[in-house]
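Here is the structure we will look at, set down as structure tokens.
The values are calculated or read from the model by the stated rules, or taken from the named source; none is laboratory data. Everything numeric here is computed off the predicted structure, so don't read it as measured data. Heads up, the Cβs are rebuilt from the backbone with ideal geometry, glycines too, and the neighbour counts pull from every protein chain shown.
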Amino acid sequence: MMGLSHDMVVGIAKSFGLFYLIALSIGICLYAFWPRNRSRFNRAKYSILDDENGPLTGEEPR
Amino acid sequence: MVAKLTFVERQIALLILGIITILGLVMASLGAGDALGVHGFIVLFAGLGLIFAVGGSLYAPEPIEDRSREYYDDPIKIGIVLAMIWAMIGMGVGDWVAWMLAFPDLRFDAAWSSFGRLRPVHTTGIIFGFGGNALIATSMHVMQRTSRARLAGQISPWFVLLGYNLFVILATTGYVMGVTQSKEYAEAEWYADIWLVVVWVVYFVLYIRTLARRNEPHIYVANWYYLAFILVVAMLHIVNNLAVPASFTAAKSYSLFSGVQDAMTQWWYGHNAVAFFLTAGFLGMLYYYLPKRAQRPIYSYRLSILSFWGIVFFYIWVGSHHLHYTALPHWVQTLGVTFSVMLLVPSWASAGNALMTLNGAWHKVRDDATLRFMFVAAVFYGLSTFEGSFMAIRPVNSLSHYTDWTVGHVHAGSMGWVALITFGAIYAAVPLIWRRDDMYSWRLVEWHFWLALAGTVIYIFAMWNSGIVQGLMWRTYNDVGTLQYSFMDTVVAMHPYYIARAIGGLLFLIGAVIGFYNILMTIRAARSEDRLLDHPTDSEACEPAVPVAE
């Protein structure tokens with residue numbers, strides 16, 4: 001880690017570190033609440049309740 | 001088990017085992033006179049034993065059914081049994097050292113049985129042996145079911161499971177011989193670490209390939225948690241174990257880091273081992289087995305996504321709270337405190353999500369000990385994450401650090417949360433995988449539940465008392481301004497709590513033994529009975545339901 005001084009690490013953590021966490025949290029909220037994702041999430045949360053009958057083969061009625 | 005592999009797959013398995021056996025032989029000859037040599041023989045015999053197991057059925061009939069039409073559950077079955085065996089080993093050694101702390105004569109004066117060598121056997125046996133096998137087994141169950149696809153490989157699941165257990169054996173046998181890197185939860189030496197990297201990469205590739213085969217549009221959130229566990233543990237393990245072997249013919253190595261950098265790297269690893277090994281993967285279990293067992297979908301799927309990213313991105317920064325009041329820069333300590341406190345939000349979101357899922361189904365929690373295991377686990381998850389955030393605050397830490405309070409906190413998490421969710425998941429998975437209606441005996445599940453809960457409560461109350469008494473005695477000054485109590489005074493004060501702790505641990509261990517018996521009897525009953533679900537029968541049943549030729 002030559003050339004990467006302590007002050008520089010602190011500087012990066014306090015500037016870039018802050019904004020990337022804010023950007024990340026906004027991005028995740030958008031993904032979680034995006035209206036079009038609602039049906040995918042709903043399907044996923046119900047699909048695990050009945051999944052023991054073996055892999056799907058693509059021949060099942062959807 | 002070998003009957004489900006084709007002739008070519010059996011040959012590939014023999015080839016891999018042959019390479020491992022030769023590696024063992026090389027280790028045994030080069031490391032003669034050192035612990036490395038003993039480990040060479042362990043690898044050699046493990047390889048030879050499996051060669052006989054596979055080679056013995058090399059020319060047995062090949063599977064005739066269409067394997068892609070059924071889930072691949074054989075590695076899961078072995079994984080669950082191995083997890084329970086490691087649970088008994090880890091808890092047995094743990095309770096032994098607990099009694100040893102109360103009655104030092106139980107050390108028996110041998111080098112191998114000293115506290116310093118047995119304690120990592122306990123922690124590794126529980127975290128990696130019990131926890132790791134349970135994670136691997138349940139992840140293979142969850143990835144297939146949520147993807148509605150078969151595991152992407154015939155040999156790689158076995159390589160992951162058995163290779164991983166070889167690592168745990170090398171680690172624990174090394175400790176009793178005095179082999180250690182002196183890094184907590186990462187004590188295993190360089191050659192075992194390299195082997196774990198190989199196994200782990202295969203595990204990751206297997207998981208990704210199975211997900212790539214999925215027949216569901218969305219990857220269910222439990223898989224995200226398991227994947228975070230696999231990916232981040234790989235990263236942590238590789239960085240923290242960077243070391244230079246003193247010699248390639250001996251076990252000893254020297255870490256690439258030194259001083260405060262070494263301490264920070266170790267606790268970045270150490271706390272994220274808690275986060276990603278002991279939390280993320282087990283939250284994957286919670287998000288799959290709890291809704292499944294309760295037959296209710298998770299309360300809020302969106303909340304599970306938000307808490308996933310919260311946990312992943314907050315946890316990675318908190319390790320520095322293990323190094324308060326040390327040479328570590330003050331701002332790094334403060335960063336650790338801040339993220340530890342913020343972590344309470346996603347942690348409680350997960351615990352709350354689990355409890356809200358059960359809201360309206362409390363009669364099921366009352367009647368079904370399996371679901372109750374998972375319910376109590378969620379409660380302990382909420383309690384221990386609150387306690388953890390609180391203990392990370394610097395002034396609280398000045399009282400709690402280096403005392404038994406820390407030990408109590410860790411066990412509230414490991415017994416109350418990790419072990420209880422695992423037992424719940426195992427009791428939910430065993431009947432599904434062995435195609436039974438239920439476990440052999442629901443009464444024994446009840447016994448296990450109450451023994452485990454009583455053991456956990458006794459354990460953590462004993463350690464809270466002991467830790468706070470110890471912490472207060474250490475900081476009590478007399479009128480002259482010197483310390484009021486000697487170190488021996490604190491040891492005497494802790495004695496009754498140590499006995500209580502050992503009793504709590506014993507109850508927990510007895511519960512695990514009962515659980516193991518119940519699982520074995522369920523397997524026995526399953527073997528003597530026809531399969532209950534309408535599945536294509538396999539080659540072991542000798543009557544293919546869906547012949548490939550048709």
Quick check: anything in the range B:241-255 assigned by TED's automatic domain parsing to the domain that holds B:ALA412 and assigned to a helix (DSSP H, G or I)? no
Among the residues of the range B:402-424, write down those that are without any contact (Cβ under 8 Å) to a residue 60 or more places away in the chain and closer than 11 Å to B:PHE282 by Cβ. B:LEU420
Test: residue in the range B:324-342 that is more than 10 Å from every other protein chain (Cβ to nearest Cβ), surrounded by 17 or more Cβ atoms within 10 Å (Cβ to Cβ), in contact (Cβ under 8 Å) with a residue 24 or more places away in the chain and outside any helix (DSSP H, G or I): yes
State whether the residues of the range B:230-252 include one that is out of contact with any helix residue (DSSP H, G or I) (no Cβ under 6 Å at 6 or more places or on another chain), farther than 26 Å from B:THR124 by Cα, of a type in the set (S, T, N, Q) and surrounded by fewer than 18 Cβ atoms within 10 Å (Cβ to Cβ). no
Complete set of residues in the range B:143-162 that are in a helix (DSSP H, G or I) and either in contact with a Ser or Thr (Cβ under 9 Å, 6 or more places away or on another chain) or within 14 Å of chain A (Cβ to nearest Cβ) (or both): B:MET143, B:GLN144, B:ARG145, B:THR146, B:SER147
Specify which of the listed residues (B:ALA32, B:ALA28, B:ALA46, B:ALA13) is out of contact with any Pro (no Cβ under 8 Å at 6 or more places or on another chain), outside any helix (DSSP H, G or I) and of a type in the set (A, V, I, L, M). B:ALA32
Please note which helices (runs of 4 or more DSSP H) are completely contained in chain A and include at least 1 residues that are within 7 Å of chain B (Cβ to nearest Cβ) and surrounded by fewer than 10 Cβ atoms within 10 Å (Cβ to Cβ). none
Could you list, in sequence order, all residues of the range B:299-320 that are among the hydrophobic types (A, V, I, L, M, F, W, C), without any contact (Cβ under 8 Å) to a residue 60 or more places away in the chain and not in a helix (DSSP H, G or I)? B:TRP317
Filter the range B:176-227 down to residues that are closer than 28 Å to B:GLU70 by Cα, away from chain A (no Cβ under 14 Å) and buried (at least 17 other Cβ atoms within 10 Å of the Cβ), then give me how many there are. 7
Note on the range B:470-527: residues within 21 Å of B:GLY131 (Cα to Cα) and hydroxyl-bearing (Ser, Thr, Tyr) are B:TYR517
Scan the range B:352-360 and give yes if some residue there is closer than 16 Å to B:ALA280 by Cβ and within 14 Å of chain A (Cβ to nearest Cβ), otherwise no. yes
